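A.B. asks: Okay, here's the structure, questions in a sec.
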Amino acid sequence: MTKKLFPTQEIGSIARPLWQLQVQQSRPLNERAVKEFNTWNERLHFAPKDDPTTLILSKGGGPDAGRVRDLSCLFGLRYFESAGLDRVYDGEARRVEMYEHAIRQMQGFEFLGHVRSFDNKYYRKAAGTGPVGLDHPYDVDEFEFVKTHAVGEPKVPITGPYTLADWSYNQHYLGKRSGWKSRAVRRDAQREFVVEIARQALRPTLKALIDKGCRVLQIDEPAAGTHPDEADLVAEGFNAATEGLDAEFTMHICFSEYRDLFPAILEAKRCRQWTWEFANRDTPERDGYAILDVFREYGDTRDIGLGVLDVHVDTIETPEQVADRIQRAAKRLGDPDRIWVNPDCGLRTRSLDVAYAKLTNMVQGAEIARGMFDGSSRR
């Protein structure tokens, strides 16, 4: 099936609008939040001007938090769609955080306290204290709202089983092992933890999303690069979560020494796209896309979600810089049709203005890159 050359997509969250945060904190909107709401609504038209909630927000009042969450989802959708992206979501507007949000939905966990993830960002870490279970699939209502309002194709991101296990304390499955907890014993307990999260929580959730019409699901595994010797567990968890399911599955792994994950990561059989970070390592002294050679070395021909925006800096990549990165990547892969274009990771650490400028230039860069290829190798 022929698809657009170098289609663009988002792959993570964006910064919470100030007006959303202040409502969630039960605070009246200050002057800055009101200005932000009105300015972005003039730009994106995500909130109907005659809507009661819009009128309250535009004047700094404190409206119903549930309705504001809906508006924040619409804001995220229109934000990405207005930038010109082909695959979109809502910026994960309803989610507390990628780990805590998922663990909250599961049985067999106990939150122990906050730990620091980066900068001044924290999340609540949990211990696996019993068998993994699930009351009901999660993110289904979230997806249905997005599907109803999206213009572009929605892609649901969901935190993967390996990361959920790695970022938790494994008390239950390790505690089942008697005697000395050697490295081999700990690895076996971790494997069981990963697979149980995949089978008991992730797979039912993925199936429910697919049953509601979701066709593209992104499995986020940011912990994969932390322990490259456990790449086989990442793949095993992915396979257990997606077994027997019919959808397009992608795997997002950010900021890793990817070569260290080979060849074990290739055993993620139902993964159709590797969505990785490249721009972060691309400098005048180093080609950040050289790692793509590893796919040719191992004969892997799956699609690549190509990171072309560095999410750690406010520097706004030019369209020409984006196009150059796409062109270099296509030459290394030998097939331009395999490339999807995206930021390295979510843009939540950048301001809304900076992130939007980066995304619009990314879309323009993809368009320039299309003109560099004649499309003769198109599928």
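The values are calculated or read from the model by the stated rules, or taken from the named source; none is laboratory data. This one's a predicted model, so the numbers in the text were calculated from it and none came from an experiment. A quick note on method: Cβ atoms are made from the backbone with ideal geometry, for glycine too, and the neighbour counts reach across all protein chains shown.
A.B. asks: Taking the criterion of being at pLDDT 85 or above, surrounded by 14 or more Cβ atoms within 10 Å (Cβ to Cβ) and either in contact with a Ser or Thr (Cβ under 9 Å, 6 or more places away or on another chain) or not in a helix (DSSP H, G or I) (or both), would at least one residue in region 54-63 satisfy it?
C.D. replies: The answer is no, given that none of the residues of region 54-63 is at pLDDT 85 or above, surrounded by 14 or more Cβ atoms within 10 Å (Cβ to Cβ) and either in contact with a Ser or Thr (Cβ under 9 Å, 6 or more places away or on another chain) or not in a helix (DSSP H, G or I) (or both).
A.B. asks: If Y123 satisfies all but one of (1) closer than 19 Å to Y162 by Cβ; (2) outside any strand (DSSP E or B); (3) at pLDDT below 95, what's the number of the condition it fails?
C.D. replies: It fails just one condition, (2).
A.B. asks: Is there a residue in region 68-76 that is β-branched (V, I, T) and either farther than 27 Å from Q20 by Cβ or modelled with pLDDT under 95 (or both)?
C.D. replies: Start the filter on region 68-76 by keeping residues that are β-branched (V, I, T), which leaves 68.
With the extra rule that they be either farther than 27 Å from Q20 by Cβ or modelled with pLDDT under 95 (or both), the set shrinks to 68.
The answer is yes, given that some residue of region 68-76 is β-branched (V, I, T) and either farther than 27 Å from Q20 by Cβ or modelled with pLDDT under 95 (or both).
A.B. asks: When you look at S82, is it among the hydroxyl-bearing types (S, T, Y), touching a helix residue (DSSP H, G or I) at 6+ places or on another chain (Cβ under 9 Å) and not in a helix (DSSP H, G or I), yes or no?
C.D. replies: Criteria not met by S82.
A.B. asks: Go through (1) at pLDDT 95 or above; (2) out of contact with any strand residue (DSSP E or B) (no Cβ under 6 Å at 6 or more places or on another chain); (3) in a loop (DSSP other than H, G, I, E, B) for T226 and report which single condition fails.
C.D. replies: Unmet for T226, out of (1) at pLDDT 95 or above; (2) out of contact with any strand residue (DSSP E or B) (no Cβ under 6 Å at 6 or more places or on another chain); (3) in a loop (DSSP other than H, G, I, E, B): (1).
A.B. asks: Pick out the one residue from T8, T53 that is without any contact (Cβ under 8 Å) to a residue 24 or more places away in the chain and β-branched (V, I, T). Show your work before the answer.
C.D. replies: Working: T8 fails: without any contact (Cβ under 8 Å) to a residue 24 or more places away in the chain.
Exactly one residue qualifies, and that residue is T53.
A.B. asks: Which residues, counting only those in region 179-227, are crowded, with 22+ Cβ neighbours inside 10 Å and among the aromatic types (F, W, Y)?
C.D. replies: Matches in region 179-227: F193 only.
A.B. asks: Return the residues of region 236-255 that are surrounded by fewer than 23 Cβ atoms within 10 Å (Cβ to Cβ) and in contact with a Ser or Thr (Cβ under 8 Å, 6 or more places away or on another chain); say none if nothing qualifies.
C.D. replies: F249 - this is the single residue of region 236-255 that is surrounded by fewer than 23 Cβ atoms within 10 Å (Cβ to Cβ) and in contact with a Ser or Thr (Cβ under 8 Å, 6 or more places away or on another chain).
A.B. asks: Are any of the residues in region 43-56 more than 28 Å from K155 (Cβ to Cβ) and aliphatic (A, V, I, L, M)?
C.D. replies: For region 43-56, residues more than 28 Å from K155 (Cβ to Cβ) and aliphatic (A, V, I, L, M): present.
A.B. asks: Do we find a residue being polar (S, T, N, Q) and under 17 Å from P7 (Cα atoms) anywhere in region 328-347?
C.D. replies: As a first pass, look at region 328-347 and keep what is polar (S, T, N, Q): 342.
Applying the additional criterion that residues be under 17 Å from P7 (Cα atoms) yields 342.
Yes, the conditions are met somewhere in region 328-347.
A.B. asks: Any idea which of (1) surrounded by fewer than 14 Cβ atoms within 10 Å (Cβ to Cβ); (2) under 22 Å from the mean Cα position of the chain (by Cα); (3) of a type outside the set (D, E) is the one N30 doesn't satisfy?
C.D. replies: (2)
One line per residue, one yes/no per condition, for (1) surrounded by fewer than 23 Cβ atoms within 10 Å (Cβ to Cβ); (2) closer than 19 Å to V363 by Cα; (3) out of contact with any Pro (no Cβ under 6 Å at 6 or more places or on another chain); (4) of a type outside the set (G, A, S):
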{"residue": "E277", "(1), (2), (3), (4)": "no, yes, yes, yes"}
{"residue": "N280", "(1), (2), (3), (4)": "yes, yes, yes, yes"}
{"residue": "R286", "(1), (2), (3), (4)": "yes, no, yes, yes"}
{"residue": "I291", "(1), (2), (3), (4)": "yes, no, yes, yes"}
{"residue": "F295", "(1), (2), (3), (4)": "yes, no, yes, yes"}
{"residue": "G299", "(1), (2), (3), (4)": "yes, no, yes, no"}
{"residue": "G305", "(1), (2), (3), (4)": "no, yes, yes, no"}
{"residue": "D314", "(1), (2), (3), (4)": "yes, yes, yes, yes"}
{"residue": "P319", "(1), (2), (3), (4)": "yes, yes, yes, yes"}
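A.B. asks: For region 159-171, what are the residues that are surrounded by 20 or more Cβ atoms within 10 Å (Cβ to Cβ) and either out of contact with any Gly (no Cβ under 9 Å at 6 or more places or on another chain) or outside any loop (DSSP other than H, G, I, E, B) (or both)?
C.D. replies: Step one: list which residues in region 159-171 are surrounded by 20 or more Cβ atoms within 10 Å (Cβ to Cβ), which gives 159-168.
Passing the criteria: T159, P161, Y162, T163, L164, A165, D166, W167.
A.B. asks: Since T148 meets every condition but one in (1) touching a helix residue (DSSP H, G or I) at 6+ places or on another chain (Cβ under 8 Å); (2) part of a helix (DSSP H, G or I); (3) under 25 Å from C73 (Cα atoms); (4) of a type in the set (V, I, T), which condition does it not meet?
C.D. replies: (1)
A.B. asks: On to the next question. Of all residues in region 210-229, how many are more than 16 Å from the chain's Cα centre (by Cα) and in contact (Cβ under 8 Å) with a residue 60 or more places away in the chain? If you could, list the steps in order and put the result at the bottom.
C.D. replies: Restricting attention to region 210-229, the residues satisfying the condition of being more than 16 Å from the chain's Cα centre (by Cα) are 210-213, 226-229.
Checking the rest, the ones that are also in contact (Cβ under 8 Å) with a residue 60 or more places away in the chain come to 212-213, 226-227.
Final tally of qualifying residues: 4.
A.B. asks: Among the residues that make up region 2-11, is at least one of them under 30 Å from V308 (Cα atoms), modelled with pLDDT under 90 and exposed (fewer than 15 other Cβ atoms within 10 Å of the Cβ)? It would help to see each step written out before you state the result.
C.D. replies: Applying the first criterion (under 30 Å from V308 (Cα atoms)) to region 2-11 yields 2-11.
Applying the additional criterion that residues be modelled with pLDDT under 90 yields 2-3.
Applying the additional criterion that residues be exposed (fewer than 15 other Cβ atoms within 10 Å of the Cβ) yields 2-3.
Checked against the condition, which is being under 30 Å from V308 (Cα atoms), modelled with pLDDT under 90 and exposed (fewer than 15 other Cβ atoms within 10 Å of the Cβ), region 2-11 yields at least one hit.
A.B. asks: Test each condition in (1) at pLDDT 95 or above; (2) not in a helix (DSSP H, G or I) for D141 and report the one that comes out false.
C.D. replies: (2)
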